[in-house]
C-alpha cells in the first residue's frame, strides 16, 4: 500500500470512529486509556464522555453548554470544541467569527441555519462549515431539544463563552444589555454580533 493511500485509510478510520462515537446510543468503550505515556508537548490528551467537560450555563438565557477541549481543558493550543443545548424556539443570533472558521455538527434534533444568504434545515447528523467572516445564525424550530457540537481551529471564542456564562450549579447573576454589549465589544477581535 502506498504511503498516500495508507494516510487516507488512517484519516478515514479516525473520522469514522469519531463520528460513530458521537452518535446517539453509541456505547463504544474508551479505546485508549491514559497509559502514563505523554506526547512530546507533555499533554496526554483527553477522553471525555458526552456529559463530561467544563459544564456552564449562559447568563443571557438558559443555554447550557460544555467546553470539551481548549487551553484549559486538555491543554489544546489550537482547537476549541464544545457541545451546546438549544431549547425549542431558542436561537443563536446572527454573528461572524473574524479570527477563525467554525464547524457545527448537529448531534440531536434539527436546526434552522442561516449561513451567509442561504437558509436550510439541518437535521441530526448534519454538518455546517462556517468560513471565517461569514454570517451565521441558528434556531431550534422544535419540538425537541437541539444539541450541537462546535469546533474552532483557533482559540478565542471560549473566552467569550466564559465571560457570558457561569459554571453549572452556581447562581446566575443577571446580565444587563449594557454589560452584554461591553463583553461583546471586548471580544470583537474574534466574534462580531449584529446586535450588541
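FYI, it's all coordinate maths here, none of it is from the lab. These figures come from a predicted structure and were not determined experimentally. Counting neighbours? That spans all protein chains shown, and the Cβs are built from the backbone with ideal geometry, glycine included.
Annotations for the structure displayed:
- Placing a label point 7 Å from the Cα of residue 145 along the Cα-to-Cβ direction, the residues of the stretch 57-79 whose backbone N falls under 14 Å of that point are 57-58, 62-66.
- Globularity ratio of the stretch 62-196, using Cα Rg and 2.2 N^0.38 Å: 1.01
- Each residue, residue 175 and residue 88, gets one label point 7 Å from its Cα in the Cβ direction; the gap between the two is 2.5 nm.
- Here r is the Cβ-Cβ distance between residue 110 and residue 71 and R0 is 41 Å; the resulting FRET efficiency, rounded to 0.05, is 0.80.
- The stretch 122-155-the stretch 43-74 distance, computed between alpha-carbon centres (Å): 17
- Within the stretch 52-127, the ratio Rg/Rh, alpha carbon atoms throughout and Rh by Kirkwood, equals 0.96.
- Fewest-first sequence of 172, 81 by Cβ atoms within 10 Å of each Cβ: 172, 81
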